[in-house]
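Working notes, structure below.
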Amino acid sequence: MQTSDRSLHSKISAAPFSLHNWLFEDELLIKTAILTLFLLQQAPAENVDWDKEFGVEERVRDPETGEFPVEPYQQSNENAGAKPFQGEQLPAAFGGREGIQKIADRTVELSEADPRISDIFVSHDMVRLKRTLGEQFCYLLGAGCDYSGRDMRTAHAGLGATKADLNALVENLQKAMREAKVPFADQNKLLSKLAPMSKDVTER
Ligand code: HEM
């Protein structure tokens with residue numbers, strides 16, 4: 001007797017451990033395997049050193065100074081951006097070298113915490129900035145330091161600081177000087193040295 005395709009199919013399907021079941025399970029297995037492979041491919045790779053992967057150089061702080069290295073440059077007091085004041089009065093009004101360094105440190109700390117400009121300071125070397133800003137103020141006030149940092153244009157290139165950012169920084173410096181009880185007239189003497197640097201430290 002001739003069996004139709006349809007009845008053969010139903011017989012195969014009905015039988016326990018039938019060819020139909022076997023084929024169906026096998027298909028499911030293949031689909032699961034493909035899905036697993038797909039998911040594995042999509043999973044984020046763990047323990048990948050992306051800096052190494054893309055050839056980013058690791059920055060290491062100098063064990064003595066705690067500063068990150070910078071590109072080589074010509075050191076000179078000219079880099080401070082202005083000529084220093086002469087005489088003993090001004091350094092004394094700022095509390096000598098120690099007082100000047102404290103004002104520079106405080107200015108950097110206030111600026112780092114200032115929501116108006118903190119974004120510009122993130123990821124820059126605040127250890128170096130405190131030292132070089134202290135040297136610059138000390139040099140300009142005639143307190144007998146040399147300035148070892150970069151010139152203003154080079155140091156601020158690419159930061160994108162605006163006139164408003166500069167005003168915020170100056171406000172922070174004024175606060176630091178007020179806290180240190182520097183007389184108002186003497187505060188303005190330091191500011192008068194910094195004001196002409198505006199074009200070099202801002203870009204907009
Ligand atoms: C007349 C005003 C300013 C003076 C005198 C001044 C002074 C300095 C000095 C001495 C340095 C260190 C240079 C070096 O590392 O060799 C420096 C770096 C820097 N300044 Fe200023 N600055 C002024 C304005 C500003 C403003 C307005 C901003 C942003 C709001 C700013 C943000 C920075 C930052 C982020 C660095 C570190 C750059 C780096 O690590 O490459 N500065 N500045």
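The values are calculated or read from the model by the stated rules, or taken from the named source; none is laboratory data. If you're wondering where the values come from, they're calculated on a predicted model, not measured in any experiment. So basically every Cβ, Gly included, is an ideal-geometry build from the backbone, and we count neighbours across all protein chains shown. Just the protein is used for accessible areas: all its heavy atoms, side chains included, with ligands, DNA and RNA removed. Shrake-Rupley method; radii C 1.70, N 1.55, O 1.52, S 1.80 Å.
Excluding ligands, DNA and RNA, the accessible surface per residue across the chain is 70 Å² with a 1.4 Å probe. For the chain, the mean residue ellipticity at 222 nm estimated from helices alone is -17000 deg cm²/dmol, where every DSSP H run of n ≥ 4 contributes -39500 (n - 2.57) and the total is divided by all residues, rounded to the nearest 500. Computed from point charges on the beta carbon alone (+1 for Lys and Arg, -1 for Asp and Glu), the dipole magnitude for the chain about its Cα centre is near 820 Debye. Computed in the context of the full set of protein chains, the accessible area of the chain at 1.4 Å probe radius has 58% of its extent on carbon or sulfur. Sorted on the mean count of surrounding Cβ atoms within 10 Å across their residues, most packed first, peptides 154-160, 131-137 read 131-137, 154-160. For G142, list long-range residues whose amide hydrogen, built 1.01 Å from N in the peptide plane, is under 5 Å from its own amide hydrogen. For G142, the qualifying residues are F85. Applying 1/(1 + (r/R0)^6) with R0 = 22 Å to the Cβ-Cβ distance of D200 and R59 gives a FRET efficiency near 0.30. Computed from Cα atoms, the angle from the helix 126-140 axis to the main principal axis of the chain rounds to 20 degrees.
For the residues D26, D186, D125, a GNM of the chain with alpha-carbon springs under 10 Å puts the largest fluctuation on D26.
Projecting the Cα atoms of N172, F54, T132 onto the dipole axis of the chain, where Lys and Arg carry +1 and Asp and Glu carry -1 at the beta carbon, places N172 farthest toward the positive end. Measure nothing but the geometry: give the 0 to 90° angle between the long axis through the Cα atoms of 96-112 and the longest principal axis through the Cα atoms of the chain, rounded to 10°. Long axis of 96-112 versus the principal axis of the chain: about 30 degrees.
Counting only residues at least eight positions apart within a chain, or on another chain, the lysines with an alpha carbon under 25 Å from that of K130 are K83, K102, K163, K175, K181, K189, K193, K199. A compact globular protein would have a Cα radius of gyration near 2.2 N^0.38 Å; the ratio found for segment 77-201 is 0.97.
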